[in-house]
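K.L.:
Below you'll find the structure I mean.
The values are calculated or read from the model by the stated rules, or taken from the named source; none is laboratory data. From a predicted model like this one, the values you see are computed outputs, not experimental measurements. Note that we place each Cβ from the backbone using ideal geometry, even for glycine, and neighbour counts take in every protein chain shown.
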Amino acid sequence: MESLTLKPFNGGLAGEIGIPGDKSISHRSVMFGAISHGVTTVTNFLPGDDCLSTISCFRKLGVIIEENGQNLRIFGKGFEGLTESAEFLDVGNSGTTIRLLMGILAGRPFYSVLHGDESIAKRPMIRVTDPLKTMGASIDGRKEGGFTPLGIRGGNLNPIHYKLPVASAQVKSALLLAALQAKGESVIVEPAETRDHTERMIQQFGGNIQRENRMIKIKGGQTLKASDVHVPGDISSAAFFLTAGAVADGSELTLKNVGLNPTRSGILDVMEDMGATLEVITEKEASREPVGDLIIRSSRLRGTVIEGDIIPRLIDEIPIIALLATQAEGKTVIKDAAELKVKETNRIDTVVGELRKLGARIEATEDGMIVYGKTQLTGGRVSSHGDHRIGMMLAIASLICKDEVYLENHQAISVSYPQFFEHLNSLKR
Ligand code: S3P
């Protein structure tokens, strides 16, 4: 396979970039546009491969979506306006597309088949299919509905009272989308707080949802109305540049328009705890989501312990936090993060395996990893393993390696950040 050669840089990064739209919110903007009544416009949409998979699935379900780069117009006809697709619904690499879509289709009285790529075929779906079956949907798939391809015939849903066995925003969101179509009130309890974009968007689209601590209540039969959505920048994408700025000597970077939803901002707490020179310069709201700019300067970092309820608030940032930890003095321990094993790749194995190839001192544990710093990274041949966040983490690592890095399968990065290398190169002085 052709690899990308990343030359040693060993300099500082400087300048300003606008962080592209949030992936989680972009998916949801298409879904809510489709299931509400009227025309929804979306600005700063993320045209990454994952979100394009969501658009393509909804088009197959009969929704008209006009797409112009980062701007969308979605002609919603409500849940009832969705129609049976003669073709399979291909979710590509996207766990959010398949799991949330299952929640919507669970209430639709027609048949759909969902499938995706090799990575999706390995990811557990039972966490969504089981509770949706309890609500009354008929679902089958490999290993008793546990893996793709999945066939679903929905309709006539009962409400559910459910305590989530894992802290997962995808599962919570699938159940909320099904509950909106059920006869009566559903109650969902989370073991730890996870990203709440779905709850915020239900309100943005005129729906009613209540939350008390970790318990969420939602009534079925609500009609949602179209709304305009401005998608904030993705803090999970910003995380790569926050780390780059902190570890590359002589850097000063400004990251504009970053979503600062507290259910997503765990990385800011960790960086502060590690001693990073980080500033949040403005805060405003866009479509019920807090947004601000971040300034990061090269920093002297120290090791830390990351565990417990903060894990869902930074789950997607753990690969890049592991790199950050290689540049911190002392030991960094990451625990309670077994969910990493069922992401786009087994991220405990891929992070530890690939960073070791670059000379990092890092070891895997049952539910996380331990990193010893500070280490001068070397260089070598590494792979994204088809996982966008592993690809970007390795590209950022190459900035501080003393030898060349050869990155295989860098194309995966377009899943969430098509302009990644353009932005990175624009910051090199
Ligand atoms: C997401 C939820 C998280 C996250 C994923 C996006 C979402 O997954 O890792 O990248 O948009 O709801 P889980 O719900 O499986 O934790």
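K.L.:
Out of (1) away from the ligand (no atom under 16 Å from the Cβ); (2) surrounded by fewer than 24 Cβ atoms within 10 Å (Cβ to Cβ), the odd one out for Ile55 is which?
P.N.:
(1)
K.L.:
Quick one: is Asp309 touching a helix residue (DSSP H, G or I) at 6+ places or on another chain (Cβ under 6 Å), within 16 Å of the ligand (Cβ to nearest atom) and of a type in the set (D, E, K, R)?
P.N.:
no
K.L.:
Which fully enclosed strands (runs of 3 or more DSSP E) of segment 1-108 have 3 or more residues being within 30 Å of Gly380 (Cβ to Cβ)?
P.N.:
3-6, 14-18
K.L.:
Is segment 40-48 home to any residue that is within 27 Å of Phe110 (Cα to Cα), buried (at least 24 other Cβ atoms within 10 Å of the Cβ), among the hydroxyl-bearing types (Ser, Thr, Tyr) and assigned by TED's automatic domain parsing to the domain that holds Leu176?
P.N.:
yes
K.L.:
Read through the list (1) in contact with a Gly (Cβ under 8 Å, 6 or more places away or on another chain); (2) within 23 Å of Gln170 (Cβ to Cβ); (3) surrounded by 24 or more Cβ atoms within 10 Å (Cβ to Cβ), then give the number of the only condition that Pro319 fails.
P.N.:
Result: Pro319 passes all but (1).
K.L.:
Taking the residues in segment 10-41 that are hydroxyl-bearing (Ser, Thr, Tyr) and closer than 22 Å to Thr263 by Cβ as candidates, determine which candidate is farthest from the ligand (Cβ to nearest atom).
P.N.:
Filtering segment 10-41 for residues that are hydroxyl-bearing (Ser, Thr, Tyr) and closer than 22 Å to Thr263 by Cβ, the one farthest from the ligand (Cβ to nearest atom) comes out as Ser29.
K.L.:
While we're here: Take segment 83-116 and flag every residue that is hydrophobic (A, V, I, L, M, F, W, C), within 16 Å of the ligand (Cβ to nearest atom) and under 20 Å from Gln222 (Cα atoms).
P.N.:
Of everything in segment 83-116, those that are hydrophobic (A, V, I, L, M, F, W, C), within 16 Å of the ligand (Cβ to nearest atom) and under 20 Å from Gln222 (Cα atoms) turn out to be Leu100, Leu101, Met102, Ile104.
K.L.:
Select, from Lys331, Lys335, Lys357, Lys343, the only residue that is surrounded by fewer than 23 Cβ atoms within 10 Å (Cβ to Cβ), charged (D, E, K, R) and under 23 Å from Ala121 (Cα atoms).
P.N.:
Going through Lys331, Lys335, Lys357, Lys343 in turn, just one is surrounded by fewer than 23 Cβ atoms within 10 Å (Cβ to Cβ), charged (D, E, K, R) and under 23 Å from Ala121 (Cα atoms): Lys343.
K.L.:
Only one residue in Ile17, Ile35 is in contact (Cβ under 8 Å) with a residue 60 or more places away in the chain and not assigned by TED's automatic domain parsing to the domain that holds Pro418. Which one?
P.N.:
None of the others qualify; the one that does is Ile35.
K.L.:
Just checking, how many residues over segment 160-177 are buried (at least 19 other Cβ atoms within 10 Å of the Cβ) and away from the ligand (no atom under 16 Å from the Cβ)?
P.N.:
Total satisfying the criteria: 1.
K.L.:
Every residue in segment 181-208 that is away from the ligand (no atom under 16 Å from the Cβ), under 17 Å from Gln170 (Cα atoms) and surrounded by fewer than 22 Cβ atoms within 10 Å (Cβ to Cβ), please.
P.N.:
If the condition is that a residue be away from the ligand (no atom under 16 Å from the Cβ), under 17 Å from Gln170 (Cα atoms) and surrounded by fewer than 22 Cβ atoms within 10 Å (Cβ to Cβ), then Val187 is the only one that fits.
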